[in-house]
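The structure under discussion appears below in the form of C-alpha cells.
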Amino acid sequence: MHTVKLVDGAQYVCADDDTLLRSGLRAGLGFPYECNAGSCGTCKVELVEGQVHSLRPDAPGLSDRDRAKNRILACQARPATDCAIKVRLRPENVPLHKPARFRARLERVRDLTHDMREFTFKAAAGAPGFLPGQYALFYLPGVAAARTYSMSNVDEGRGEWQFVVRRVATGVGTVTLFDKVAVGAEITLDGPFGLAFLRADSPRDLILVGGGSGLAPVLSLARGAVAEPALAERDIHVFYGARTANDLAGEAELRALPGFGKRLFFHPVLSEAPPGTWSGATGFVHEQVRAFVGERWPQFEYYFAGPPPMAQAVQQMLIEKRVPFPQVHFDSFY
C-alpha cells in the first residue's frame with residue numbers, strides 16, 4: 001500500500017496491485033480517463049516524486065515527448081513507492097458509483113448471433129451499482145491483462161451485471177470467456193468505469209449508435225432511457241450497423257421495451273447486403289445517422305460505441321457538424 005499525493009494537496013492510498021487511476025476513482029476523485037487500457041492517453045499525469053511500474057511500457061497513449069517530460073499513464077501505472085503526481089481533476093468525472101473489485105458468478109449465457117453472446121453475472125454482496133452505458137474490467141483465468149466489456153442491462157439493485165460480447169477468433173480474452181468460463185464459474189470483475197453514461201437531465205432526444213459488441217452499451221442506454229422519468233418526453237433512436245443479416249442483433253431486446261415504435265425506434269444498417277436479400281438501409285451506419293439528422297445536429301444527445309473505424313467516423317462527423325462537445329458521449333476502446 002502506497003500513498004499518492006496530488007500537488008493540490010489531496011491524497012489517497014493505492015494498493016500494490018492497483019493503478020493510480022483506478023485507486024483514485026475508488027477514492028472518489030474525478031480523474032480524467034476514457035479507455036482504461038493505455039491507448040487513448042486521456043489519463044496522462046506528471047510524476048513529480050516517487051517511482052511507478054508500468055503495466056504497458058509501449059502503450060500508444062504515451063509519446064516520447066510525454067516520457068521526456070516525466071508523464072505517465074495513470075491507468076497503467078502501479079506505484080513502487082509513495083508518489084506525488086500533478087493532475088487536473090474534473091468535477092464531472094467524480095464517480096457516482098465508486099468502482100470496486102468483486103467476485104461474480106456466471107449465471108447464464110444466451111447466443112444473440114453466430115459470434116455474439118450475452119453473459120449474465122451475479123455479483124457478490126457489497127458490489128457497487130452502475131449507470132447505463134458504463135463498463136467493467138474482466139480478470140479472466142490465464143489472461144494476463146484485464147479485458148474491458150460494457151454492461152448491456154441496467155442496475156436494478158439485484159447485483160446482476162449483463163454483457164454482450166463478440167467472439168474474436170484471435171482474441172485471447174473473448175476465446176477464454178466463451179470457451180473456458182462455464183456457467184456457475186466465478187471470476188473477478190472491476191467496475192463500474194466509463195463516462196459515456198446516460199444523462200438523465202438532457203432536454204434533447206437521444207441518438208444511440210452502435211456496431212458489433214457496441215450493442216451492449218447501446219442496449220443499456222436504451223433500457224435506462226425508457227425507464228428514466230426525466231426522459232419520458234424524449235424520443236430514442238437506435239442506429240445499429242452490421243455487415244450482414246447474420247450479424248444483426250438487438251431488435252428483439254428493443255421491441256421488448258415500452259414505447260417501441262412510438263418513442264423508441266430501431267434503425268438497422270447493413271454494410272454488405274446482396275441485392276434482393278435486404279429491404280432496409282445499407283452502407284455505413286454513420287451515413288444513415290447523417291441522413292436522418294439532416295440539419296438538426298444541435299437538437300440531439302449523441303452516444304456511440306463500436307469498432308474503432310465506426311467510432312472514429314461518427315466522432316469525425318459530429319466534429320464536422322460542430323455538435324457541442326457536452327452533447328457527445330463515448331468511451332474510447334482500442
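What whole-number value in Å² describes the accessible area per residue of the stretch 75-181 for a 1.4 Å probe?
So the stretch 75-181 comes to 47 Å² accessible per residue, rounded to a whole number.
If R₀ is 35 angstrom, what is the calculated FRET efficiency for the pair ASP8 and VAL143, using the beta carbon separation as r and rounding to 0.05?
Between ASP8 and VAL143 the formula returns 0.45.
Could you give the radius of gyration (one decimal) and Dmax (whole number) of the Cα atoms in the stretch 89-235, in Å?
15.4, 47
For LYS321, go through the aspartates and glutamates and keep the ones whose alpha-carbon is under 14 Å away, minus same-chain ones fewer than eight residues off.
Counting by Cα, and skipping residues close in sequence, LYS321 has these aspartates and glutamates nearby: GLU287, GLU295, GLU301.
When a/c is below 1.5 the answer is rounded, else prolate if a/b is larger than b/c, else oblate, so apply that to the stretch 1-53 with a ≥ b ≥ c taken from the square roots of the Cα gyration tensor eigenvalues.
rounded
Sort the following peptides by mean Cβ neighbour count (other Cβ atoms within 10 Å, averaged over residues), highest first: 41-49, 186-194.
Packing order, densest peptide first, comes out as 186-194, 41-49.
Taking H as built 1.01 Å from N, whose amide H comes closer than 5 Å to the amide H of VAL52, not counting residues under 5 places away?
Under 5 Å from the amide H of VAL52: ALA80.
Using a 7 Å offset from the Cα along the Cα-to-Cβ direction at both ARG65 and ALA185, what is the distance between the two label points in nm, to one decimal?
4.5 nm
Placing unit charges on C-beta atoms (Lys and Arg positive, Asp and Glu negative, everything else neutral), compute the dipole magnitude of the stretch 54-161 about its Cα centre in debye, rounded to 20.
420 debye
Pull out a ≥ b ≥ c, the square roots of the eigenvalues of the alpha-carbon gyration tensor of the chain, then state rounded if a/c is under 1.5, prolate if not and a/b is larger than b/c, and oblate in the remaining case.
Here the chain falls in the prolate category.
What share of all Cα pairs of the stretch 30-78, in percent, falls into each consecutive 5 Å distance bin?
5, 26, 36, 25, 8, 0
Would you mind computing, in nm to one decimal, how far apart the modelled labels at ALA200 and ASP16 are, each placed 7 Å from Cα along Cα→Cβ?
Roughly 4.1 nm, to one decimal.
With a 1.4 Å probe and all protein chains left in place, how much of the accessible area of the stretch 185-334 comes from carbon and sulfur atoms, in whole percent?
Whole-percent figure for carbon plus sulfur exposure: 54.
Let's see if you can work this out: charge +1 on each Lys and Arg Cβ, -1 on each Asp and Glu Cβ, no other charges. What is the dipole magnitude of the chain about its Cα centre, in debye to the nearest 20?
240 debye
If the reach is capped at under 29 angstrom between alpha carbons, list the lysines near LYS122, excluding any in the same chain fewer than eight residues apart.
Here the lysines satisfying the reach criterion relative to LYS122 are LYS98, LYS180.
With a probe of 1.4 Å, find how much accessible area the stretch 245-334 has per residue, and write the answer as a whole number in Å².
55 Å²
Report the gain in length on full extension from ARG255 to GLU160: 0.36 nm times residue separation, minus Cα-Cα distance, nm rounded to one decimal.
Full-extension gain reported as 32.1 nm.
Quick one: pull the percentage of alpha-carbon pairs in the stretch 172-302 with a separation above 17 Å.
Here the long-distance tail beyond 17 Å is 65 percent of all Cα pairs in the stretch 172-302.
Using alpha-carbon positions, what is the distance between the centroids of the stretch 256-334 and the stretch 83-99, in Å?
30 Å
Cα gyration tensor of the stretch 283-334, axes a ≥ b ≥ c as square roots of the eigenvalues: rounded (a/c below 1.5), prolate (a/b > b/c) or oblate?
It is oblate, given that a/c is not under 1.5 and a/b is not larger than b/c.
If the reach is capped at under 20 angstrom between alpha carbons, list the lysines near LYS69, excluding any in the same chain fewer than eight residues apart.
Within the straight-line cut-off, LYS69 pairs with LYS5, LYS44, LYS86.
The values are calculated or read from the model by the stated rules, or taken from the named source; none is laboratory data. As the structure is a prediction and not an experimental result, all values here were calculated from the model. Cβ: placed from backbone, ideal geometry, glycine included. Neighbour counts: every protein chain shown. These accessible areas exclude ligands, DNA and RNA; they are computed on the full protein's heavy atoms, side chains included. Shrake-Rupley method; radii C 1.70, N 1.55, O 1.52, S 1.80 Å.
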